[in-house]
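Scroll down for the structure; my scribbles are underneath it.
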Protein chains: 2
Amino acid sequence: MGLVVQKYGGSSVADAEGIKRVAKRIVEAKKNGNQVVVVVSAMGDTTDELIDLAAQVSPMPAGREFDMLLTAGERISMALLAMAIKNLGHEAQSFTGSQAGVITDSVHNKARIIDVTPGRIRTALDEGNIAIVAGFQGVSADKKDITTLGRGGSDTTAVALAAALDAEVCEIYTDVDGVFTADPRVVKKARKIDWISFEDMLELAASGSKVLLHRCVEYARRYNIPIHVRSSFSGLQGTWVSSEPIGDKKVEQAIISGVAHDTSEAKITVVGVPDKPGEAAAIFRAIADAQINIDMVVQNVSAAATGLTDISFTLPKSEGRKAIDALEKSRGGIGFDSLRYDDQIGKISLVGAGMKTNPGVTAAFFEALSDAGVNIELISTSEIRISVVTRKDDVPEAVRAVHTAFGLDSDTDEAVVYGGTGR
Amino acid sequence: MGLVVQKYGGSSVADAEGIKRVAKRIVEAKKNGNQVVVVVSAMGDTTDELIDLAAQVSPMPAGREFDMLLTAGERISMALLAMAIKNLGHEAQSFTGSQAGVITDSVHNKARIIDVTPGRIRTALDEGNIAIVAGFQGVSADKKDITTLGRGGSDTTAVALAAALDAEVCEIYTDVDGVFTADPRVVKKARKIDWISFEDMLELAASGSKVLLHRCVEYARRYNIPIHVRSSFSGLQGTWVSSEPIGDKKVEQAIISGVAHDTSEAKITVVGVPDKPGEAAAIFRAIADAQINIDMVVQNVSAAATGLTDISFTLPKSEGRKAIDALEKSRGGIGFDSLRYDDQIGKISLVGAGMKTNPGVTAAFFEALSDAGVNIELISTSEIRISVVTRKDDVPEAVRAVHTAFGLDSDTDEAVVYGGTGR
């Protein structure tokens, strides 16, 4: 008998009907002879409603209390789901993150899982129950306070439980059919990927693909837990994410897995930086001290005449204000002429392990962009990814052009609705 | 420095404005030099909405999951209240029933508190925090499952914490000004009671007064915790419930504390019962085996000619069906002619320790009812209470007549809004 962990996002359990539909699917998995652990997010918009309430009583809600508030959402959905399963004649018990043994650090609102001790889950399973676990939450090791795992936290809960329980697979149910070769809202001919390696999935997630978050894939790779991303609205096979293709599936590793894009970043250019050792370090120390994560960095070739250079980097738009403030504050120590802030940029990334052994991918990528009349502003590469920054308005056309150029287009327009995965 | 436990019902924290108003009041208590522990119910209609959701997924939700579901409501209100207090510049921490050390038995939906171990609350207070505790909930001693305490459970939580923390007073904030000499919706001239003994309050609660539940008063009496029932919408003194009048208050014990009424009961008459030993026992054994609590019992004088008698008793209407079924099932063993079910009854009770030493109270009570043209169907008495059953339609007039006859009317019509106390 296998052990399966299933995760259902908020859109799958948005109302009583959704909960009953999901309950049936869970019971099917149980009837197929599996032990089943289900991780569930809060219903539909519950979390947003709670955030609204918090904003009404306090402009800056404290982390500890904010986490206590938000975790109420999963309590509701998990209890309802357990009831719905019992109503179908099967035994189910629900568990909070704390009861399920999800132990975290004490960083409220974005805690990290440091241990999973699923003793109560194991007991519930051995007694024949389906175990329902609240996603997105845990309990801090030191203070025993309730914590939340931040965006995408329920996926991480599912993968962490799958690892701790040595599950055969972690199924992530969402409102799309799987991972696609590009965002189907932008590329009508995007194809569902049957299998993708952890590495390629990590690069796609880091490049703007929203189906799975980087952190969850990273966790799955570390413990080698196969993920199956699929729709809770259909019975179709979705996308398998694993180190090797699963079982008897003969899936050839594609040269290019997909094209991701991201328009959530901005670009800051530090103009007129003295071209001497330690200048770049001073700039990025100021940014790091402000707890800001940056993405791409490019330093222009220095103009010999002036001895000055420009340094550009990209970062989430939401951090833009903070970064500008941090740089202005340390302007004296660093020494630069001015700052330029540009939030009208977009990033397009081509991901695929095959590019390591296929020379010419970079050239073909740039040619496709050029043919589409798209200007490249920044370039950054990893072993299995090439990313460029362009004007934001050029992104849709650029993604379509690259998708076509690398032969990723499907033969038919696939009609899919593509949305968020909850959390 | 004193320690005060305050409890706020759902109507006091129905929305963000209510939460902010309550937060201010809590901060006042803290500024007055007290250590403050606050027990809070779920916001407004939250609990009813959760019950509705449960009904949509399952006609008979399991106790364990139902409790998990319902306790989400207090999580939300307590976290928001802590945020609102912190926003006023004071330190606050919220705790679930489990975190606050409210240990219960395992009877889901109506668990009883068996121990309170408020170590975390004590620590939070000693560190200068206001402690916010979820009412209505605890954790079971054996299985560590979340439990709820049933109707009025938040009041019981507050009194139990007050006892465990050796508080000076347990303040129950509600949407009325205190305990009245009668239900002000029925008796316009009802007066607020300044002080009432535990014993009289227990009898009022048992007789239909809804402001405080019997269980909570019983707990307070056992540990001698003074309760102050007051409005969260005004600064007025409310009603003190304690063994003796508090401090320098010179309050004379009234002969009669108040008139309570209850129209939530029904009457079952077992007709034609053989008048021999063991018959009544067999009837009430059948009822007890069905887990039904009964209230008043009357056996008619046996008719000598037939050797048969009638036995009547009252019970909550909600248990009527179950009782009739239980009696019909054991009809063969008991032996009776027929059952009569009557849900058009009402109970009026006169409560006051003074009746022990004031002969004539019973006579005056019956005279008042007679003068109002109200027929008495059943009578039951305790040392400090007389109750009668009448037609339901006669109840309002009967209550007013008795209230006037015993000199309880105030000089002016008090304008009060009288509602439930949440839970």
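Basic side chains Lys and Arg get +1 at the Cβ, acidic Asp and Glu get -1 at the Cβ, and with that the dipole of region B:3-174 about its Cα centre reaches some 300 debye. Excluding same-chain neighbours fewer than eight residues apart, the lysines reachable from B:LYS31 by a Cα-Cα span under 27 Å are B:LYS7, B:LYS20, B:LYS86, B:LYS249.
Taken about its Cα centre, chain B carries a charge dipole of about 740 debye when Lys and Arg each add +1 at the Cβ and Asp and Glu each add -1 at the Cβ. Counting DSSP beta bridges in region A:162-294, what percent are antiparallel, to the nearest 5? That works out to approximately 35 percent antiparallel.
Pick from A:ALA286, A:ALA368, A:ALA42: which residue has the top mean-square fluctuation in a GNM of chain A where Cα pairs under 10 Å get a spring? The residue with the greatest mean-square fluctuation here is A:ALA286. Simple point charges give the picture: +1 on the Cβ of Lys and Arg, -1 on the Cβ of Asp and Glu, and for region A:257-407 a dipole about the Cα centre of about 260 debye.
Sorted largest first, the spans of the alpha carbon positions of region A:316-368 along the three principal axes are 47, 22, 20 Å.
If I compute solvent accessible area with a 1.4 Å probe over the protein chains, what percent of it on the protein assembly as shown is carbon and sulfur? Walk me through the numbers on the way to the answer.
Details: 16770 of 34330 Å².
C and S fraction of accessible area: 49 percent.
Summarising the label geometry, the points placed 7 Å from Cα in the beta-carbon direction at B:ASP393 and A:ALA55 lie 5.6 nm from one another.
Projecting the Cα atoms of A:ALA401, A:SER338, A:ASN358 onto the charge dipole of region A:329-417, computed from C-beta unit charges around the Cα centre, puts A:SER338 farthest toward the positive end.
Expressed as a whole percent, the proportion of Cα-Cα pairs in region A:1-76 lying more than 17 Å apart is 53%. Among A:GLU319, A:GLU74, A:GLU168, the largest mean-square fluctuation in a Gaussian network model of chain A (Cα springs under 10 Å) belongs to A:GLU319.
Placing unit charges on each Cβ (+1 for Lys and Arg, -1 for Asp and Glu) gives region A:24-152 a dipole about its Cα centre, and among A:GLY152, A:PRO61, A:ALA84 the Cα reaching farthest toward its positive end belongs to A:ALA84.
For region A:111-231, the ratio of Cα radius of gyration to the globular rule of thumb 2.2 N^0.38 Å stands at 1.15. The reciprocal of the average 1/r between distinct C-alpha atoms defines the Kirkwood hydrodynamic radius, which for chain A equals 23.1 Å. Computed over the Cα atoms of region B:205-293, the ratio of the radius of gyration to the Kirkwood radius (Rg/Rh) comes to 1.15. Solvent exposure of region B:1-71, expressed per residue, is 36 Å² of accessible area, with all protein chains present and a 1.4 angstrom probe. Straight-distance candidates among the aspartates and glutamates for linking to B:LYS356, with alpha-carbon spacing under 15 Å and chain neighbours fewer than 8 residues away dropped: B:GLU199, B:ASP200, B:GLU203, B:GLU383.
Rg/Rh for region B:297-395 (Cα atoms only, Rh after Kirkwood) is 1.04. Using the rule -39500 (n - 2.57) for each DSSP H run of four or more residues, divided by the residues of the protein assembly as shown, the 222 nm mean residue ellipticity is -10000 deg cm²/dmol. Within region A:63-101, the residues that become at least 50 Å² less accessible when every protein chain is included than when their own chain is isolated (1.4 Å probe; DNA, RNA and ligands ignored) are A:ARG64, A:GLU65, A:MET68, A:LEU69, A:ARG75, A:ILE76, A:LEU80, A:MET83, A:ASN87.
Per the accessible-area calculation with a 1.4 Å probe, the total area buried between chain B and chain A rounds to 3300 Å².
Accessible-area rank, largest first, for A:HIS90, B:HIS403: A:HIS90, B:HIS403, with all protein chains present and a 1.4 angstrom probe. Taking the Kirkwood radius as Rh and the Cα radius of gyration as Rg, the protein assembly as shown has a ratio of Rg/Rh equal to 1.10. Ordered from largest to smallest accessible area (heavy atoms of protein chains, 1.4 Å probe), the residues A:THR104, A:THR263, A:THR306 come out as A:THR306, A:THR263, A:THR104. Of all lysines in the structure, the ones whose alpha carbon falls short of 17 Å from that of A:LYS144, not counting any fewer than 8 places away in one chain, are A:LYS110, B:LYS144. Bridges between two residues of the protein assembly as shown, per DSSP, are antiparallel at a rate of about 60%.
When the surface is traced with a 1.4 Å probe over the full set of protein chains, A:ASP52 keeps roughly 90 Å² accessible.
Among beta bridges identified by DSSP and lying wholly in chain A, the antiparallel ones come to about 60 percent. Normalised by 2.2 N^0.38 Å, with N the number of residues, the alpha-carbon radius of gyration of region B:3-174 equals 0.98.
Name the residue, out of A:THR157, A:THR381, A:THR390, whose mean-square fluctuation peaks in a Gaussian network model built on chain A with Cα pairs under 10 Å. Looking only at A:THR157, A:THR381, A:THR390, the largest GNM fluctuation is found for A:THR381.
Considering only B:GLY9, B:THR117, B:GLY44, and ranking their Cα positions along the charge dipole of chain B that arises from unit charges at the beta-carbon of Lys, Arg, Asp and Glu, the one farthest toward the positive end is B:THR117.
The values are calculated or read from the model by the stated rules, or taken from the named source; none is laboratory data. This one's a predicted model, so the numbers in the text were calculated from it and none came from an experiment. Using ideal geometry, Cβ is built from the backbone for each residue, glycine included, and neighbour counts are taken over all protein chains shown. The protein model used for the area step is the full one, side chains on, heavy atoms only, and it has no ligands, DNA or RNA in it. Shrake-Rupley method; radii C 1.70, N 1.55, O 1.52, S 1.80 Å.
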